[in-house]
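Heads up: the structure comes next, in C-alpha cells.
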Amino acid sequence: MPIYLDEKLIEPQGDDLQSALDEADTILQDTSRIVIEVKIDGHVLLGEEFDTAAGIITIGKKIEFMSGEPAQLANDALREIIGDLDQARRLHIQAAEAFQQDQTESAMQCINQITEIWQQVIHAVTLVSPIKGIDIEVDEYQNQKITQLTDDLLQKLSELKVMIQDSDTLGIADVLSYEWPETVDAWEKFIQWMISHD
C-alpha cells in the first residue's frame, strides 16, 4: 500500500486513511503547509466523499497526499469568488431581461444560479477568513462588522425570494437591474480587501 506525501513515500502506523492522514499532518506540522488534496488510486476525494473516507482501509491502494500553503490557497479561493461574482453580475442582467419579457422559466433558472453563487460566496468567506487572520465576528470592513455584511446579503436574498413568491416580476426586474449591481461591486471590493489582508 504505497502512501505518498508530495511524491515522497511515508509509512503510517495504521491501515486506514485517517492514520495515513495523521502521519502526513505530523510530517507537515513544523512547516506552514497542510494537506490540500487526497487521491486514492488516482481518484481525487472531494467534499462529503472526503469527509466519509477516513475509515477506508488503505491496503492494496495507492494513496497520494498533496500539501500547500494555506494563505496561498485562501487567496486562490478568493480570486475564484471574484470570478463567481462576475458570473452573478451577468446572471442578474439575464434574469431581469427574462422577467421583463415574461420568460419566467428562464428567469427562475438564472435566479437559482444566482442564489447558489451567493451562498457559495458567503460559505467561502466564512471558511477562508480564519486562514487570512480575519475574525468575522469582530473585525470590520468600512466601519461595519463582516457578519453584518453577510447578514445584509442574506436579507437581500430573502427579500428577493418574497418578491418571487408574490410574482412581482417587474419589481424583481428593477431590483436585479439597479440594486444588485451595486451589491456585486461592493462584494468585489470586499473580496479584494480580504486578498490584500495579511
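Per-structure values
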item	result
Matching residues, segment 153-198, being over 30 Å from GLU69 (Cα atoms), part of a loop (DSSP other than H, G, I, E, B) and not hydroxyl-bearing (Ser, Thr, Tyr)	ASP166, ASP168, GLU179
Residues located in segment 115-168, provided they are in contact with a helix residue (DSSP H, G or I) (Cβ under 7 Å, 6 or more places away or on another chain) and of a type in the set (Lys, Arg)	LYS132, LYS156
Residue that is farthest from VAL125 (Cα to Cα), among those in segment 162-173 that are surrounded by 12 or more Cβ atoms within 10 Å (Cβ to Cβ) and free of Cβ contacts under 8 Å to residues at least 40 places away in the same chain	ASP168
Any hit, segment 96-111, residues being of a type outside the set (Val, Ile, Thr), in a helix (DSSP H, G or I) and either assigned by TED's automatic domain parsing to the domain that holds LEU17 or within 23 Å of TRP193 (Cβ to Cβ) (or both)	no
Single unsatisfied condition, HIS123 versus (1) in a loop (DSSP other than H, G, I, E, B); (2) exposed (fewer than 13 other Cβ atoms within 10 Å of the Cβ)	(1)
Scope segment 14-47; condition in contact with a Ser or Thr (Cβ under 6 Å, 6 or more places away or on another chain) and loosely packed, with under 11 Cβ neighbours inside 10 Å; matching residues	none
Filtered residue count, segment 36-64, keeping only those that are over 21 Å from GLY14 (Cβ atoms) and in contact (Cβ under 8 Å) with a residue 12 or more places away in the chain	2
Looking only at segment 1-13, and only at residues there that are exposed (fewer than 15 other Cβ atoms within 10 Å of the Cβ) and acidic (Asp, Glu), the one that is farthest from the chain's Cα centre (by Cα)	GLU11
Number of the exception - ALA53 against (1) part of a helix (DSSP H, G or I); (2) touching a helix residue (DSSP H, G or I) at 6+ places or on another chain (Cβ under 8 Å); (3) assigned by TED's automatic domain parsing to the domain that holds ALA20	(1)
Residue that is loosely packed, with under 15 Cβ neighbours inside 10 Å and farther than 25 Å from LEU73 by Cβ, where the choices are SER177, SER196, SER158	SER158
So LEU73, is it closer than 26 Å to SER129 by Cα and touching a residue at least 40 places away in the same chain (Cβ under 8 Å)	yes
Filtered residue count, segment 48-69, keeping only those that are out of contact with any strand residue (DSSP E or B) (no Cβ under 6 Å at 6 or more places or on another chain) and surrounded by fewer than 11 Cβ atoms within 10 Å (Cβ to Cβ)	5
Any hit, segment 135-147, residues being assigned to a helix (DSSP H, G or I) and either out of contact with any Asp or Glu (no Cβ under 7 Å at 6 or more places or on another chain) or not basic (Lys, Arg) (or both)	yes
Where VAL128 falls short, out of the listed (1) surrounded by fewer than 17 Cβ atoms within 10 Å (Cβ to Cβ); (2) hydrophobic (A, V, I, L, M, F, W, C); (3) within 16 Å of GLN192 (Cβ to Cβ)	(1)
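The values are calculated or read from the model by the stated rules, or taken from the named source; none is laboratory data. Just so it is clear, the structure is predicted and the values come from calculations on it, not from any experiment. No Cβ is skipped: glycine too gets one built from the backbone with ideal geometry, and neighbour counts run over all protein chains shown.
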